[in-house]
Amino acid sequence: MSGPYGLPASRPPSDSFTEMTEMVLPQHTNVVGTAFGGVIMSWVDICAAISAQRHCGEVAVTARIDAMEFHAPIRLGDVVRLTARVNAAFGSSMEVGVRVEREDRRTQERTVCVESFLTFVNVVDGRTQPVPKLLLTTDEERALEQAARERREQRLAGRAQSGRNVAS
């Protein structure tokens, strides 16, 4: 069964899986030799955008980045692995989860440094369009979607309290 614009009516989260690898170079660091938060945020946004576009098959734009907490430093010379996937699909928006890990040079063991959730909106010719539903097949996928729906409800409730009318 097909959805709008010939897209599938639903897609599994695995279709949106995206992995990026970056190396922290001198231009990415601050005076203490750790990566600028803004550089990491940019990498997160790019990785999430690719994931969202893989899901909807069109341009997807960032509507929101939830709080981003740095759990561990990312230093000059570190190899950074970013992974993203769509956690939930709503009418014309999607929540994308991104995990950022640094690799130990010697052991290649990974340390989680950042986890973030971003909301993207499907845009075609300047207008929002529906996104395919998320085809969930595992308990983990269902739990991730449920958590995303709860975060969305919190965002919408906060938006209603503040009187803002922005994408969630």
task: Consider Asp66 carefully, then state whether it is under 17 Å from the mean Cα position of the chain (by Cα) and at pLDDT below 95.
output: yes
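Does Thr21 count as in contact with an Asp or Glu (Cβ under 8 Å, 6 or more places away or on another chain), open to solvent by 50 Å² or more (accessible area, probe 1.4 Å) and closer than 25 Å to Ile74 by Cβ?
Details: in contact with an Asp or Glu (Cβ under 8 Å, 6 or more places away or on another chain): no; open to solvent by 50 Å² or more (accessible area, probe 1.4 Å): yes; closer than 25 Å to Ile74 by Cβ: yes.
Judged against the criteria, Thr21 is not a match.
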- request: Have a look at Val112, Val44 and point out the one that is hydrophobic (A, V, I, L, M, F, W, C) and surrounded by fewer than 18 Cβ atoms within 10 Å (Cβ to Cβ).
  value: Val112
task: Determine whether region 14-27 contains at least one residue that is out of contact with any Pro (no Cβ under 9 Å at 6 or more places or on another chain), outside any strand (DSSP E or B) and within 17 Å of Glu115 (Cβ to Cβ).
output: yes
message: Can you tell me how many residues within region 55-82 are open to solvent by 20 Å² or more (accessible area, probe 1.4 Å), assigned to a strand (DSSP E or B) and in contact with a Phe, Trp or Tyr (Cβ under 7 Å, 6 or more places away or on another chain)?
response: 3
task: Within region 27-40, identify whether any single residue is in contact with a Lys or Arg (Cβ under 8 Å, 6 or more places away or on another chain), over 19 Å from Ala88 (Cβ atoms) and in contact (Cβ under 8 Å) with a residue 60 or more places away in the chain, and answer yes or no.
output: no
task: List the number of the failed condition for Ser16; all other conditions in (1) among the polar types (S, T, N, Q); (2) surrounded by 16 or more Cβ atoms within 10 Å (Cβ to Cβ); (3) free of Cβ contacts under 8 Å to residues at least 60 places away in the same chain hold.
output: (3)
task: State which residue is most open to solvent (accessible area, probe 1.4 Å) when the search covers only region 115-149 and only residues that are part of a strand (DSSP E or B) and either of a type in the set (A, V, I, L, M, F, W, C) or at positive phi (or both).
output: Phe117
Residues (in a strand (DSSP E or B), surrounded by 19 or more Cβ atoms within 10 Å (Cβ to Cβ) and in contact (Cβ under 8 Å) with a residue 24 or more places away in the chain) located in region 86-109: Val86, Asn87, Ala88, Ala89, Ser93, Met94, Glu95, Val96, Gly97, Val98, Val100, Arg102
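When residues of region 110-143 are filtered for being among the charged types (D, E, K, R) and modelled with pLDDT under 95, how many remain? Show your work before the answer.
The first filter runs over region 110-143 and keeps only residues among the charged types (D, E, K, R), leaving 110, 115, 125, 127, 133, 139-142.
Now restrict to residues that are modelled with pLDDT under 95: 125, 127.
The total comes to 2.
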- prompt: Which members of region 28-41 meet the condition of being in a helix (DSSP H, G or I) and open to solvent by 40 Å² or more (accessible area, probe 1.4 Å)?
  reply: Gly38, Met41
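The values are calculated or read from the model by the stated rules, or taken from the named source; none is laboratory data. These figures come from a predicted structure and were not determined experimentally. Neighbour counts are summed over all protein chains in view; Cβ atoms, including those assigned to glycine, are modelled from backbone coordinates with ideal geometry. For the accessible areas, the whole protein counts, side chains as well, though only heavy atoms, and no ligand, DNA or RNA atoms are used. Shrake-Rupley method; radii C 1.70, N 1.55, O 1.52, S 1.80 Å.
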